[in-house]
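**Q** Mind looking over this structure? Questions follow.
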Amino acid sequence: MREVEVVVIGAGQAGLSSAYHLRRTGFGPDRDFVVLDHSPGPGGAWQFRWPSLTYGKVHGMHALPGMELTDAAADRPSAEVIGAYFDRYERAFDLRVRRPVDVRAVREGDDGRLLVRTSDGDWSTRALINATGTWDRPFWPRYPGQRSFRGRQLHTAQYAGPEEFAGQRVVVVGGGASGTQHLLEIAPYAAATTWVTRRPPVFREGPFDQETGRAAVALVEERVRLGLPPRSVVSVTGLPLNDAVRRGLADGVLDRQPMFDRIAPDGVEWGDGPDTRRVGADVILWATGFRAALDHLRPLRLREPGGGIRVEGTRAVADPRVHLVGYGPSASTIGANRAGRAAVRDIRRLLAEEPAEPAVA
Ligand SMILES: Cc1cc2nc3c(=O)[nH]c(=O)nc-3n(C[C@H](O)[C@H](O)[C@H](O)COP(=O)(O)OP(=O)(O)OC[C@H]3O[C@@H](n4cnc5c(N)ncnc54)[C@H](O)[C@@H]3O)c2cc1C
């Protein structure tokens, strides 16, 4: 059994930021901590994002602590830009990410330690930083008739660019940033596009300043404090009204329809009987977001009846050895940076066996 002080699961923005702060405060890689990641290469979830999501199209990627991301060309895929940057970062700070290592379960170990079961053997640790993001858990809603659909259904997680939809009738579901970006890209290729969302989208005028950011984070924080699953970022920030979106609204590509009532073999339908309205479709693209990838923590029973995990800062209220970084209020690149630092500070206190700060209800 290999023993360490801290296991970090995930080497995205949240995991690397945590590993950086561990390193800076004297923890040695492989000796005191390990970083485990099941993806094939550096970049966290960015390595899987579609090629047309260029660096210029992301909303504002915050650099990792201690190393700027300079000279990134706006027209290069963000998967390449960020993959290369994370690779440089891991080497510069000697973080020694172990990959591909899949963490299957974390359970109670001996002597108050946690047992981390992986595809590459077990680890015993005193503390855990979970930084597994959301990409591995795409959320597919269920609608009546879905199985009868004869066309293709895919999720944002499988989207690889607009070209493959040439000449097809595409229904895009979802009112987030991914949904609008898919529509704007696909419309010039497709025979027709239809946009459906559950709630009318809220567009945000003006820049996304610090105050707006703080207000959005506070809203997510409140839910997580109550033990509810965090909402999507867009539900609290609104959709940025940039030039491309303005054009999409003007030319009808972003003409939002309410959610359909059912899926038919060859399209989607609203209403019943003689009032039924139908739109034919070859493809349904579910841009319906992601959920936190936390199944491997199930043996620790951290979930509240509301379905979320209550955290104070980054610390799981139900188990002070466990920190969730990049979860809920810290699920942004800037949030993940800050949360990595906070988690390490808290873990240092725990390992020094000083009482942790009391949880505030
Ligand atoms: C399309 C899209 C665009 C976005 N654009 C922006 C943006 O412009 N600005 C911004 O701030 N945020 C953006 N976000 C949110 C952004 O993804 C996060 O802010 C941040 O990159 C997430 O970092 P993370 O480290 O939490 O997760 P990830 O980057 O998802 O990293 C998690 C890592 O954990 C690993 N992992 C997961 N489960 C396991 C397991 N069981 N065992 C081992 N390893 C595991 C994965 O392989 C992955 O490498 C965007 C999100 C999406 C989906």
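**Q** Pairs please, first residue from the range 56-67 and in the same structural domain as PHE93 (by TED's automatic domain parsing), second anywhere and acidic (Asp, Glu) and surrounded by fewer than 14 Cβ atoms within 10 Å (Cβ to Cβ), Cβ atoms under 9 Å, 6+ apart in sequence or on different chains.
**A** GLY56/ASP75
**Q** Looking at the range 30-64, which of its residues are closer than 18 Å to TYR89 by Cβ, surrounded by fewer than 18 Cβ atoms within 10 Å (Cβ to Cβ) and at pLDDT 95 or above?
**A** ASP30, PRO40, GLY41
**Q** Same structure again: Where in the range 252-361 are there strands (runs of 3 or more DSSP E), lying fully within it, with 1 or more residues that are within 23 Å of the chain's Cα centre (by Cα) and either buried (at least 21 other Cβ atoms within 10 Å of the Cβ) or more than 15 Å from the ligand (Cβ to nearest atom) (or both)?
**A** Values: elements: 256-258, 262-264, 267-270, 277-280, 283-286, 319-324.
Of the strands (runs of 3 or more DSSP E) lying wholly inside the range 252-361, those with at least 1 residues that are within 23 Å of the chain's Cα centre (by Cα) and either buried (at least 21 other Cβ atoms within 10 Å of the Cβ) or more than 15 Å from the ligand (Cβ to nearest atom) (or both) span 283-286, 319-324.
**Q** Anything in the range 310-328 that is touching a strand residue (DSSP E or B) at 6+ places or on another chain (Cβ under 6 Å) and either within 25 Å of THR197 (Cβ to Cβ) or of a type in the set (A, V, I, L, M, F, W, C) (or both)? List them, or say none.
**A** VAL311, ALA316, VAL322, LEU324, VAL325
**Q** Something else: Go through the range 201-217 and give me each residue that's under 18 Å from the mean Cα position of the chain (by Cα) and small (Gly, Ala, Ser).
**A** GLY213, ALA216
**Q** Does the range 235-251 hold any residues that are more than 15 Å from ARG204 (Cα to Cα) and not in a helix (DSSP H, G or I), and which are they?
**A** Correct list: ASP251 only.
**Q** Another one. Give the residue that is nearest to the chain's Cα centre (by Cα), with candidates limited to residues of the range 5-20 that are assigned to a helix (DSSP H, G or I) and more than 10 Å from the ligand (Cβ to nearest atom).
**A** So the residue we want is ALA19.
**Q** For residues in the range 215-234 being assigned to a loop (DSSP other than H, G, I, E, B) and either of a type outside the set (A, V, I, L, M) or assigned by TED's automatic domain parsing to the domain that holds GLU164 (or both), which is surrounded by the most Cβ atoms within 10 Å (Cβ to Cβ)?
**A** By that ranking, first place goes to PRO230.
**Q** Also, quick follow-up: From ALA72, ALA79, which residue is touching a residue at least 12 places away in the same chain (Cβ under 8 Å), farther than 29 Å from ARG298 by Cα and more than 20 Å from the chain's Cα centre (by Cα)?
**A** The match here is ALA72.
**Q** When the residues of the range 21-58 are narrowed to those that are basic (Lys, Arg) and not in a loop (DSSP other than H, G, I, E, B), which ends up nearest to the ligand (Cβ to nearest atom)?
**A** LYS57
**Q** What number of residues in the range 236-251 are away from the ligand (no atom under 14 Å from the Cβ) and surrounded by 13 or more Cβ atoms within 10 Å (Cβ to Cβ)?
**A** Counting residues in the range 236-251 that are away from the ligand (no atom under 14 Å from the Cβ) and surrounded by 13 or more Cβ atoms within 10 Å (Cβ to Cβ) gives 6.
**Q** With respect to GLU80, determine if the residue is outside any loop (DSSP other than H, G, I, E, B), surrounded by 15 or more Cβ atoms within 10 Å (Cβ to Cβ) and touching a helix residue (DSSP H, G or I) at 6+ places or on another chain (Cβ under 8 Å).
**A** no
**Q** Restrict the check to the range 137-158 and report whether at least one residue is among the β-branched types (Val, Ile, Thr), away from the ligand (no atom under 16 Å from the Cβ) and closer than 30 Å to LEU294 by Cβ. Talk me through it step by step, then tell me what you get.
**A** Quick first cut of the range 137-158, residues among the β-branched types (Val, Ile, Thr) only: 156.
Next, only the ones that are away from the ligand (no atom under 16 Å from the Cβ) stay: none.
So far as the range 137-158 goes, no, none of its residues is among the β-branched types (Val, Ile, Thr), away from the ligand (no atom under 16 Å from the Cβ) and closer than 30 Å to LEU294 by Cβ.
**Q** A further question follows. For the range 176-188, how many residues meet the condition of being away from the ligand (no atom under 16 Å from the Cβ) and touching a strand residue (DSSP E or B) at 6+ places or on another chain (Cβ under 9 Å)?
**A** Number of matching residues: 1.
The values are calculated or read from the model by the stated rules, or taken from the named source; none is laboratory data. What you see is a predicted model, and the numbers here were worked out from it, not measured in a lab. Quick reminder, even Gly has a Cβ in these numbers, built from the backbone with ideal geometry, and neighbours come from all protein chains shown.
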